[in-house]
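Here the structure comes first, spelled out in structure tokens, and everything after it is commentary.
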Protein chains: 2
Amino acid sequence: MASALRVLGIDPGLTRCGVGVVDVRRDRSASLVHVGVVRSDPSMPIEERLAAIAGGIRSVLRDHAPDVVAVERVFAQHNRSTVMGTAQASGIALMLAGEHGLPAATHTPSEVKAAITGYGSADKLQVQTMVARVLRLDALPQPADAADALALALCHAWRRGVAPGGSSETLTPAQQAWANAERVARR
Amino acid sequence: MASALRVLGIDPGLTRCGVGVVDVRRDRSASLVHVGVVRSDPSMPIEERLAAIAGGIRSVLRDHAPDVVAVERVFAQHNRSTVMGTAQASGIALMLAGEHGLPAATHTPSEVKAAITGYGSADKLQVQTMVARVLRLDALPQPADAADALALALCHAWRRGVAPGGSSETLTPAQQAWANAERVARR
């Protein structure tokens, strides 16, 4: 597994923060390392909630030692009531990557959907289905926050070009599906 | 100084994050403990910038051991280009308070201006002038981020009711000005 890139994907949120760790090899095959949701109790003060989110992310960083951290990009213009908590959680996720000396990147939801399904407006079920296929999971990753975190991690490895020398002759069906999605996304 | 409340005020920002520590006694008199600006280099990756902000705030928490942390509230609808960085920095400030076991609070810019000057739409010079007067500073606190952090810290102590038993007979002129501002703000 020495040649694999280990990516921690984080779907930031204050109540539920999805975390997913995958190993992605140069031939684009990927395997699940960890998936979960870090939660904070909405009845707690904001400073304790954010500290709980930070503690959960720190545990994942310590237990699984990723090479890179990918965080979903938050947009201020999405003026949902939760946007500030999401932005604050994303800041903590990025800061913790920096404190651990890890590079971090952000990707938009559309980038993730396009990378995983080939279609930037894919629905959650399509994303979950493709994540399960790529990671050879027996069931769809649950809950959606966890699936999104895995999709983000896979997206990051794939966009970063983990397998610049990959050729379609050596791809498994799932890898071929990825390669096709890549071509579609690039159009 | 045992009866003083030590407040760390934080004006969150990614490029410049104002930090101000004041001791506020029960008679409402206040003194300056520390003021500064934590900076991050805009040319650095976001994860390193946020880690630099966190490191600077941690230093203030360690060196000055505040009792409480007050952070300016950020609004998503202020759709400036910097709003996400400001929100991320505010999340880090609140999280660090939580990790240090300190209570935290947020106050809006209008609340701070009303608390300090008696007028929610006061300009920066009015706020700086009043902060300098209350803290008996020889010059206006500079830069504006630092003055805002001090104003936030004073606002927090004052709104929290540091001096529930204070009477106007025992107030200095600056304290009297505060008390007047309080009455105006409550109308």
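No lab work stands behind these numbers, since they all come straight from the coordinates. Because the structure is a prediction, the values reported are computed rather than measured. Here Cβ is always computed from backbone atoms with ideal geometry, including for glycine, and neighbour counts include all displayed protein chains.
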Tell me which residues come under 5 Å, amide H to amide H, from A:V35 once H is placed; ignore anything under 5 positions away on its chain.
A:V21
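If one computes P(r) from the Cα atoms of the range B:1-113, what percent of pairs lie at distances over 18 Å? Walk me through the numbers on the way to the answer.
On the way: 3099 of 6328 pairs.
Taking all Cα-Cα pairs of the range B:1-113, the fraction more than 18 Å apart is 49 percent.
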What gaps in nm, shortest first, separate A:H64 from its twins in the other copies when you place the label 7 Å past Cα toward the beta carbon?
3.8
Karplus-derived 3J(HN,Hα), 6.51/-1.76/1.60, for each residue of the range A:24-35, Hz, glycine and proline x
10, 8, 5, 7, 6, 5, 9, 9, 6, 9, 7, 9
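Could you tell me the relative contact order of the range A:1-59? Use alpha-carbon pairs under 8 Å, at least six residues apart, and round to a whole percent. If you can, show how the numbers build up before the last one.
Details: 92 pairs, mean separation 16.2, N = 59.
The value is 28 percent.
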Among the lysines, which have Cα under 20 Å from the Cα of A:K124 when same-chain residues fewer than 8 positions away are ignored?
A:K113
Sorted shortest first, the nm distances from the B:S31 label point (7 Å along Cα→Cβ) to its counterparts in the other copies are 6.4
Residue-ordered couplings for the range B:122-137, obtained by feeding phi - 60° into the Karplus form 6.51 cos²θ - 1.76 cosθ + 1.60 and rounding to whole Hz (Gly and Pro as x), are 4, 8, 4, 5, 4, 5, 4, 4, 5, 4, 4, 5, 4, 8, 6, 8
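Order by neighbour count: B:D41, A:D23, fewest other Cβ atoms within 10 Å first, most last.
Details: B:D41 10, A:D23 21.
Listing B:D41, A:D23 from fewest to most nearby Cβ atoms yields B:D41, A:D23.
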Once the label point is set 7 Å along the Cα-to-beta-carbon vector, what list of distances in nm do you get between A:T82 and its counterparts in the other copies?
2.9
